[in-house]
Amino acid sequence: MRASQASTTNADLVGTMREGVLAQKHLLIGEDGSPINFDLNVGRTGDGGWQAPRHRHNFDQIRYVIKGKYPYGKDKILREGCVGYFPESVYYGPQDRPEGLETMVLQFGGASGNGYLSVAQREAANEALKQKGEFKNGVFTYFDEKGQRHNQDGSEACFEHATGRKQEFAPPRYEDVIVMDPSAYAWIPQGAEGVYVKWLGSFGERSAGIGFMRLDRNAIYGGGERPSVEILFQTKGRVAVSGQEYGPESAFEFLPNEGPIPVRAIEPSEFLCMVLHRF
């Protein structure tokens with residue numbers, strides 16, 4: 001089990017291939033090279049907003065809006081409190097994020113097994129590519145030895161530079177981003193007394209999943225009893241885990257079948273629960 005708190009995590013400015021300012025706190029990071037490598041972060045859009053063109057990735061994403069409205073495409077809004085599943089290979093955008101938007105984002109390897117290129121790897125590739133060309137509005141532009149101009153999606157260019165192979169996309173399993181409104185779901189009692197779940201959905205043949213969990217005061221949830229990696233992002237309340245207290249915007253990673261690890265609610269608490277694909 002690993003745990004992290006936004007209140008004690010430093011913010012980094014990331015996404016230099018895009019336009020604008022985006023400050024992120026990386027709460028939990030997986031293992032490079034693993035098909036379920038991941039990055040869990042909370043981010044806030046800075047002065048002037050943040051823009052990105054229509055694009056797609058070869059990994060999955062889960063986005064939860066903490067504060068504000070997230071425009072993920074033309075006339076498409078992810079409202080505060082809602083959750084979006086952004087499947088690998090599915091296009092979304094353009095984005096024009098407003099200043100002050102706060103989100104939680106989990107990026108992780110999809111069911112295809114393509115894995116996930118970490119932020120550190122992407123930013124290193126970004127810096128190296130700047131010696132060859134420039135990034136603008138999400139596009140990497142460079143001139144070859146014959147003076148011919150080339151435009152390439154910035155994310156794709158970084159992936160190919162970092163891995164030394166062409167970026168490939170699995171056939172899309174879905175036609176669009178899947179948006180879920182948790183307020184429309186009912187709380188269902190689960191096992192232990194005082195533990196309730198809103199399960200929003202499971203996705204793909206490897207059963208990635210998204211839901212919310214609520215703990216009454218003094219209720220105990222046993223983490224780490226699933227057959228795949230489970231990640232909790234705390235949205236409300238206060239809990240005790242392994243002798244330490246945690247509040248909102250804390251994150252917990254439980255490895256497959258390492259539990260039960262008790263998560264005890266000091267006061268009524270809620271979590272966004274995310275389950276990675278099972279390999």
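The values are calculated or read from the model by the stated rules, or taken from the named source; none is laboratory data. Just so we're clear, the structure is a prediction, and the values are computed from it rather than from any experiment. Neighbour counts are summed over all protein chains in view; Cβ atoms, including those assigned to glycine, are modelled from backbone coordinates with ideal geometry. The area values use the complete protein model at the heavy-atom level, side chains included, leaving out ligands, DNA and RNA. Shrake-Rupley method; radii C 1.70, N 1.55, O 1.52, S 1.80 Å.
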- prompt: Restricting to region 72-95, what's the tally of residues that are closer than 27 Å to residue 115 by Cα and either in a strand (DSSP E or B) or at pLDDT 95 or above (or both)?
  reply: 16
task: Name every residue in region 261-279 that is more than 23 Å from residue 115 (Cα to Cα) and not hydrophobic (A, V, I, L, M, F, W, C), in order of residue number.
output: 262, 264, 267, 268, 269, 270
message: Could you go through region 169-182 and let me know if any residue there is more than 19 Å from residue 84 (Cβ to Cβ) and either touching a helix residue (DSSP H, G or I) at 6+ places or on another chain (Cβ under 6 Å) or among the charged types (D, E, K, R) (or both).
response: no
- request: Please list, ordered by first then second residue, the pairs with beta carbon atoms under 7 Å, 6 or more apart or interchain, first in region 253-279 and under 20 Å from residue 85 (Cα atoms), second open to solvent by 70 Å² or more (accessible area, probe 1.4 Å) and among the acidic types (Asp, Glu).
  value: none
query: If you check residue 222 against the conditions, is it farther than 27 Å from residue 43 by Cβ, surrounded by fewer than 21 Cβ atoms within 10 Å (Cβ to Cβ) and without any contact (Cβ under 8 Å) to a residue 12 or more places away in the chain?
result: no
- prompt: Considering region 115-138 alone, what residues qualify as being open to solvent by 50 Å² or more (accessible area, probe 1.4 Å) and of a type outside the set (Asp, Glu)?
  reply: 120, 121, 124, 130, 131, 132, 136, 137
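Restricting to region 140-188, give me the number of residues that are of a type in the set (Asp, Glu), surrounded by 11 or more Cβ atoms within 10 Å (Cβ to Cβ) and not in a helix (DSSP H, G or I).
Looking only at that region, the number is 3.
Every residue in region 265-279 that is of a type in the set (Phe, Trp, Tyr) and either closer than 10 Å to residue 229 by Cβ or open to solvent by 10 Å² or more (accessible area, probe 1.4 Å) (or both), please. Explain how you work it out, then say what you get.
Restricting attention to region 265-279, the residues satisfying the condition of being of a type in the set (Phe, Trp, Tyr) are 271, 279.
Correct list: 279 only.
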query: Are any residues in region 112-124 touching a Ser or Thr at 6+ places or on another chain (Cβ under 9 Å) and among the aliphatic types (A, V, I, L, M), and if so, which ones?
result: 117
query: Looking at 83, 105, which is the one that is touching a residue at least 60 places away in the same chain (Cβ under 8 Å), under 22 Å from residue 174 (Cα atoms), touching a Lys or Arg at 6+ places or on another chain (Cβ under 9 Å) and surrounded by fewer than 20 Cβ atoms within 10 Å (Cβ to Cβ)?
result: 105
